[in-house]
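Below is one structure; the comments refer to it alone.
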Amino acid sequence: MHFTMNLPGLEEFNMMKKETVGSTYYIHVEKERKAHRCPACGERTNRVHDYHIQKIQHLKMFERTSYLFYRKRRYACSCGKKFPEKTRVVDRYQRHTVEWNQALGLRTIQGKNFKDTADQFHTSPSTAMRRFDRLAAPMIQEVKELPEVIAIDEYKGDTDHGKYQVLFISHIAHQLHTPLFMSSLNFDTNYSTIWL
């Protein structure tokens with residue numbers, strides 16, 4: 001049975017079935033079969049090699065956790081190459097939709113901590129931290145030269161890099177420099193004591 005209603009963000013899919021189990025909303029979807037271009041030789045093919053079901057977590061619908069069961073096709077080209085059909089909803093090898101990743105990324109920036117944000121999205125805090133790291137990576141710049149006066153602060157953190165982090169802050173300009181991790185610090189042997 002096909003449903004004619006299009007859900008926002010899922011316009012490219014045909015809904016085959018939808019069901020509610022407990023507090024979870026399941027939507028079974030597939031794309032229309034059409035010719036795809038082979039990434040190896042460039043020829044267009046419409047020959048299907050196989051199907052498999054991919055379970056993908058999507059944004060909440062009606063305040064219920066929702067999952068897509070995507071019946072994904074793999075096409076076979078005459079050159080021997082097998083390749084999956086293209087879709088904008090989910091990236092390759094991912095278990096969450098693109099919109100879900102964007103929403104989680106924004107919420108990690110605006111939320112008060114990773115645990116509460118992860119609970120809202122029914123995922124683990126480490127997944128929330130990885131999404132935050134992916135967003136923050138292009139914004140972090142390496143410091144070429146430290147100012148004359150700096151304040152150093154050590155604190156216990158919860159990152160993938162280690163248990164303790166060190167902050168270097170320009171005491172005069174009140175600018176935060178890149179956080180360092182205790183495992184990556186190399187201390188100069190000329191100093192007999194390092195105060196952190």
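The values are calculated or read from the model by the stated rules, or taken from the named source; none is laboratory data. Fair warning: this is a prediction, and the values are worked out from it, not measured in the lab. Glycine also receives a Cβ, built like all others from the backbone with ideal geometry; neighbour counts cover every protein chain displayed.
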* To do: Please find, among GLU99, GLU11, the residue that is loosely packed, with under 11 Cβ neighbours inside 10 Å and of a type in the set (Asp, Glu).
  => GLU11
* Asked: Does GLY80 meet the test of being of a type in the set (Gly, Ala, Ser), modelled with pLDDT under 95 and outside the structural domain of VAL29 (by TED's automatic domain parsing)?
  -> no
* When LYS82 is evaluated against the numbered criteria (1) exposed (fewer than 14 other Cβ atoms within 10 Å of the Cβ); (2) within 21 Å of THR24 (Cβ to Cβ), which criterion, by number, is the only one it fails? -> (2)
* Structure fact -> Residue hits (segment 103-114; surrounded by 14 or more Cβ atoms within 10 Å (Cβ to Cβ) and not hydroxyl-bearing (Ser, Thr, Tyr)) are ALA103, LEU104, GLY105, ARG107, GLY111, PHE114
* Taking PHE121 and the conditions (1) exposed (fewer than 14 other Cβ atoms within 10 Å of the Cβ); (2) among the aromatic types (Phe, Trp, Tyr); (3) farther than 30 Å from ASP50 by Cβ, which numbered condition does it fall short on, given that it satisfies the others? -> (1)
